[in-house]
Each structure stands twice: as C-alpha cells, then as structure tokens.
Amino acid sequence: MFDPGEMSEVTGWRQHFHRHPELGFQEHQTAARVADLLESFGVETHRGIGGTGVIGVLKRGKGDRSIALRADMDALPIHETGVRDYRSVTDGVMHACGHDGHSAMLLGAARTLARDGGFDGTVVFIFQPNEEHGLGAQAMIGDGLFERFNVQNVYGMHNLPGLPVGQFATCTGPITASESLFEIAISARGGHAAMPHMGVDAITVGAELVGSLQTIVSRKLDPGQNGVVSVTDFTTDGGRNILPGKAVLTGDARALTPKATRAIEQRMRQITDGICAAHGVSASVSFDTCFSATINATGPTGSAVRAAKTVVGEDAVDAACAPKLFSEDFAHFAAARPSCFILAGNGTNGANGQPLHSSEYDFSDDLLPVGMGFWINLVRQEMPS
C-alpha cells in the first residue's frame, strides 16, 4: 500500500513520540515536531490552539466541502514496564493509550494527501492536547477552533487492543460512555472500638452505601441503558481502637446517555440520604461529569464505514459494534459537529494486546499503514476530485 521507505519514516515518528512522552497541556516538544513536519509537507500550520494544540489545513481544488480528522498527542502518568528499544526516557510517563500512533498515522496521511492530492475541498488536521483528562477538545473549541476552521464533519480514530489489526468497529449513536467522578463524605460520630453503641461508626454506614450503590445499575436503571457505578476508594479517620467519625467514598460512574447519567446521580443522592437518615448521620455528595458520551451521527458513520471497507474489506468492518464504556474527549467535537469515532484493531498478542493504560501496552506499528489508508480513502471519498 505504501513505499517501505515511507513507512519506515512514519514508524520512526511513532517511536520517537513513544520515547519522548508528554502529559496533557505539556506536549511542547510533541506539538513542535508535529507542526514542523506539517510545514515540511507544505501544509498550512497553526500552533498553540487551545494551549499546545496544532492545526494543519490542506486545500485542493475549488470545492467548498471541509472535513476534520483528529489525533491526540498526550501521554499518561504511568511507569513503562515493557522492554523495547524505544521505551520512554521520561520516568513515570508513557504512551500507554496509543496517542503516539494516532499522531503518526495522521501525519503520514497528511504527507500523502499534500503530495498526491486526489481530493477537492479542505482537510483540517486536528492534533489535540490533553485528551486523557477530558480538557483538550474543549480548550481548542474555546480557542475558536470551529470559527477559525469551519468544517462540516469531524472524524476520530482510536486503536483497540483485543481487536485484530486490519479490522475496524464503530456504530451509529453512543460509541463511548460519559464519565462522572463522585465523592460521598460521611459525617458520623466516632468513638472507642469497645463501645460502638455510644457513637455511629462511619465504616458501617460507608459499607452499607458501597453495597447499595450497586443496586443503581442492577435495579434502578432501565436495563436498556448501560451504566457502571464503581467505588474506587474508601478512607476514614479511624485507628487501631478508634471507630471513625468520618469516611469518604470516591468513585467513577459511566453511562451511554445523558438520561442515564442523570438517573445515576439522582439515585446516588437518594440512596445516600436514605442510609444516612436511617443511621442518624449526614453526608454530602459531589457528582462531576468530566466526559460526555460520544454520539456518532448517522451520515459520518456511514462514510467512515465505507472508507474502512475500502481499505480492509467488507468482512473486516463491524458497523454495529457494542458501545464501549470507556470515555473519550472526542465527545466535545461530536457535540459541536456531526461526527464519527471509529475503533481500529491494535492486535491480540503481546504488548499490542495489552489493555489500554497498561504499563506493558504498546501501539502496533502494523496498524500505521492501515490507519493511514483509512484517513486517505476517507478524504478522497468525501471530497472526490
């Protein structure tokens, strides 16, 4: 599909990004390298969009159609344990989600499109900062992204371990979930471990809450509305022979629709109020939705499916996959413009099959030509010359 020497360069970009990871809004070296490469391809380049974001604009012909292709650039605060020549040189930071590969694939596509054309319209290449904390897309939008670069549709792609390289999956409607972080702070009456009747043990109240919160999904949420509620931390001010008077539960809730998110929050507050009232104590609940659900629009999803089938064949594209309950900052782009977010197989074995955010994960370089081919075919399909 691509010249071996050309692919060697793209692989080199990917492994360079992997070797030099940067956290969200700190992607200064990554953004500079991306921008320098875009400029070397002859692509109009804009730096510092939304902090460390980079935009490339490529126009061919006289067509007024314009679409955006998005890649993310940030890494994670994880110590890399995998053994590879290009492992991270920054202790405690690694590309454990494949954003190094996403950036390299989009750069490779930009180079081919800038050199060979084959389309009539405008492509906007979005290199987004800080996807992992759900802040980068909104920062770029707030910095005038869609006012400065008017596009009709936005497309995003993410690798998926466990799906073979050369396969794609997407669906119309919700494709990734919202994420809401919650905290429940219980104020009870601590005391001596030998005299529990003289106080109200915050651990007892908290433990009852942990179990009861699980009934939100199993008994209080419409079975057709997927959701997850997970208590991930439980801390108290108790000691060896001291019953705690305070306890804090923190956790994570996921849902595929705003309605389900609202239902989870409402039920969480009701359950907390009820249990605390039964024990004669008080509690406060905070519930912050930091990621919205990503909703794929019908038209762009059909376009992405057609482009993927052109690259890998009809049987290798799942156009109605089950939605995923991880979250994605692409949701903000999808809320602003009709969009599609598509998943590309990263492999099933070794480091390529490790879960995203694993310290042993690695992006598959075999996916690079597949992803590049998808981007190039999508552009030429949507804006034929």
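The values are calculated or read from the model by the stated rules, or taken from the named source; none is laboratory data. The structure presented is a predicted model; accordingly, all values stated were derived computationally and were not measured. For neighbour counting, all protein chains shown are included, and Cβ atoms are generated from backbone atoms with ideal geometry for every residue, glycine included.
Observations
- Residue among Gly156, Gly162 that alone is touching a Ser or Thr at 6+ places or on another chain (Cβ under 8 Å), within 30 Å of Asn296 (Cα to Cα), modelled with pLDDT of 95 or more and surrounded by fewer than 17 Cβ atoms within 10 Å (Cβ to Cβ): Gly162
- Selection status of Ala283, touching a residue at least 24 places away in the same chain (Cβ under 8 Å) and under 30 Å from Pro174 (Cβ atoms): no
- The strands (runs of 3 or more DSSP E) located wholly in the range 1-99 that include 1 or more residues which are modelled with pLDDT of 95 or more and of a type in the set (Ser, Thr, Tyr) occupy 44-49, 66-72.
- Selection of the range 374-385 for residues being modelled with pLDDT of 95 or more and more than 22 Å from the chain's Cα centre (by Cα) yields Ile376, Asn377, Val379, Arg380, Gln381, Glu382, Met383, Pro384.
- Among the criteria (1) crowded, with 20+ Cβ neighbours inside 10 Å; (2) more than 21 Å from the chain's Cα centre (by Cα); (3) outside the structural domain of Asn130 (by TED's automatic domain parsing); (4) modelled with pLDDT of 95 or more, the one Ala253 does not fulfil is (2).
- Scan the range 130-160 for residues that are part of a loop (DSSP other than H, G, I, E, B) and of a type in the set (Phe, Trp, Tyr) and the total you get is 1.
- Residue match in the range 258-275 (condition: in contact with a Gly (Cβ under 7 Å, 6 or more places away or on another chain), farther than 17 Å from Val200 by Cβ and either in the same structural domain as His133 (by TED's automatic domain parsing) or crowded, with 21+ Cβ neighbours inside 10 Å (or both)): yes
- Picking from residues in the range 306-328 that are under 18 Å from Glu382 (Cα atoms) and touching a strand residue (DSSP E or B) at 6+ places or on another chain (Cβ under 6 Å), the one that is surrounded by the fewest Cβ atoms within 10 Å (Cβ to Cβ) is Lys309.
- Summed over the range 303-316, the residues that are within 21 Å of Asn153 (Cα to Cα) and touching a residue at least 60 places away in the same chain (Cβ under 8 Å) give a count of 8.
- Within the range 124-143, not a single residue is without any contact (Cβ under 8 Å) to a residue 40 or more places away in the chain and charged (D, E, K, R).
- Ala331 fulfils the conditions (1) surrounded by fewer than 20 Cβ atoms within 10 Å (Cβ to Cβ); (2) modelled with pLDDT of 95 or more except for a single criterion, (1).
- Subset tally (residues that are in contact with a strand residue (DSSP E or B) (Cβ under 7 Å, 6 or more places away or on another chain) and aromatic (Phe, Trp, Tyr)) for the range 46-101: 0
- Ala351 in contact with a helix residue (DSSP H, G or I) (Cβ under 8 Å, 6 or more places away or on another chain) and either aliphatic (A, V, I, L, M) or surrounded by fewer than 18 Cβ atoms within 10 Å (Cβ to Cβ) (or both): no
- Some residue of the range 30-50 being crowded, with 20+ Cβ neighbours inside 10 Å and over 12 Å from Phe127 (Cβ atoms): no
- Subset of the range 109-129 [in a loop (DSSP other than H, G, I, E, B) and crowded, with 24+ Cβ neighbours inside 10 Å]: Pro129
- Looking at Ser218, Ser212, Ser230, just one residue is without any contact (Cβ under 8 Å) to a residue 40 or more places away in the chain, among the small types (Gly, Ala, Ser) and closer than 13 Å to Arg267 by Cα, and that residue is Ser218.
- When Gly347 is tested against (1) closer than 30 Å to Arg87 by Cβ; (2) in the same structural domain as Arg269 (by TED's automatic domain parsing), only condition (2) is not met.
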